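The values are calculated or read from the model by the stated rules, or taken from the named source; none is laboratory data. What you see is a predicted model; the values in this text were computed from it and never measured. So basically every Cβ, Gly included, is an ideal-geometry build from the backbone, and we count neighbours across all protein chains shown. Just so you know, the surface numbers come from the protein's heavy atoms only, side chains and all, with ligands and any DNA or RNA stripped out. Shrake-Rupley method; radii C 1.70, N 1.55, O 1.52, S 1.80 Å.
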Amino acid sequence: GAGVSQSPSNKVTEKGKDVELRCDPISGHTALYWYRQRLGQGLEFLIYFQGNSAPDKSGLPSDRFSAERTGESVSTLTIQRTQQEDSAVYLCASSPPNEKTQYFGPGTRLLVL
Amino acid sequence: GENVEQHPSTLSVQEGDSAVIKCTYSDSASNYFPWYKQELGKGPQLIIDIRSNVGEKKDQRIAVTLNKTAKHFSLHITETQPEDSAVYFCAANRGYNTDKLIFGTGTRLQVFP
């Protein structure tokens, strides 16, 4: 079946511009996660959505970062006034109910010039 | 705060040899420990996981061991093949039975034919 999809696959932007990254989770998955992966490094947790509960935003690095999720479907991660240190791969993952396995998308590679 | 340490950062082995990657965690409440494999340009993919009520789990050439007392767990790959070459991440959940994961910094495994 279809896996987690993310768009765009690559994004180049100029410092100071806003960007929106999209994640389409696997149908029926109630949990959705966003991670940041800098070059050659591990996964840094950003935000977690679980059903209709309030999202866990504890990993967002600054108020320039925000995310929304429409019900149990698509999510958008927005980075305002991008900085060069925002350059990274942004990964989205989803999980089915009552399961801990996270299924990852291919990521969006963001480059801020 | 809670963290997961992973060693080594790089590992090179000859095809057919075994590879071992080790992780330690700090949160004694963690009870779920997955391992992910990330190939170049792709999102991480779960390869095996273990829960704290067992000490070892095996799936064909892959095994994971867990020592709760010492708070460390290891990934063992036997009879390595070139297609095992990838970056491997360990993770632990943040608190008992939660879904949020803390990831290690990754191990780049190279298997030479």
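Taking region A:2-83 and the strands (runs of 3 or more DSSP E) fully enclosed by it, the elements with 2 or more residues that are of a type in the set (A, V, I, L, M) and within 11 Å of the chain's Cα centre (by Cα) are at A:44-50, A:75-79.
Could you check, for region B:67-85, whether at least one of its residues is within 11 Å of another protein chain (Cβ to nearest Cβ), in contact with a strand residue (DSSP E or B) (Cβ under 8 Å, 6 or more places away or on another chain) and not in a strand (DSSP E or B)?
Here is the first cut: in region B:67-85, the residues within 11 Å of another protein chain (Cβ to nearest Cβ) are none.
Looking for residues that are within 11 Å of another protein chain (Cβ to nearest Cβ), in contact with a strand residue (DSSP E or B) (Cβ under 8 Å, 6 or more places away or on another chain) and not in a strand (DSSP E or B), one finds none in region B:67-85, hence no.
Of all the listed residues (B:28, B:52), the sole one being of a type in the set (Ser, Thr, Tyr) and within 14 Å of chain A (Cβ to nearest Cβ) is B:52. Scanning region B:3-25 for residues that are away from every other protein chain (no Cβ under 11 Å), outside any strand (DSSP E or B) and open to solvent by 50 Å² or more (accessible area, probe 1.4 Å) yields B:15, B:17, B:18.
Only one of the listed residues (A:69, A:22) is among the basic types (Lys, Arg) and open to solvent by 50 Å² or more (accessible area, probe 1.4 Å). That residue is A:22. Looking only at region A:88-113, residues that are assigned to a strand (DSSP E or B), more than 21 Å from residue A:40 (Cβ to Cβ) and at the interface with chain B (Cβ under 9 Å from one of its Cβ atoms) come to 2 in all. Which ones in region B:48-73 are buried (at least 17 other Cβ atoms within 10 Å of the Cβ) and of a type in the set (S, T, N, Q)? The answer is B:52, B:65. Scanning region B:26-46 for residues that are open to solvent by less than 40 Å² (accessible area, probe 1.4 Å) and free of Cβ contacts under 8 Å to residues at least 24 places away in the same chain gives a single hit, B:43. Residues satisfying the criterion are absent from region A:47-64 (criterion: touching a residue at least 60 places away in the same chain (Cβ under 8 Å), at the interface with chain B (Cβ under 9 Å from one of its Cβ atoms) and among the aromatic types (Phe, Trp, Tyr)). Every condition in (1) without any contact (Cβ under 8 Å) to a residue 24 or more places away in the chain; (2) within 12 Å of chain B (Cβ to nearest Cβ); (3) surrounded by 13 or more Cβ atoms within 10 Å (Cβ to Cβ) holds for residue A:40 except the one numbered (3). Among residues of region B:93-106 that are at the interface with chain A (Cβ under 7 Å from one of its Cβ atoms) and at positive phi, those with a beta-carbon under 9 Å from a residue that is hydroxyl-bearing (Ser, Thr, Tyr) and in a loop (DSSP other than H, G, I, E, B) at least six positions away or on a different chain give the pairs B:106/B:9. Can you go through B:97, B:93 and tell me which one is polar (S, T, N, Q), at pLDDT below 95 and crowded, with 17+ Cβ neighbours inside 10 Å? Result of the check over B:97, B:93: B:93.
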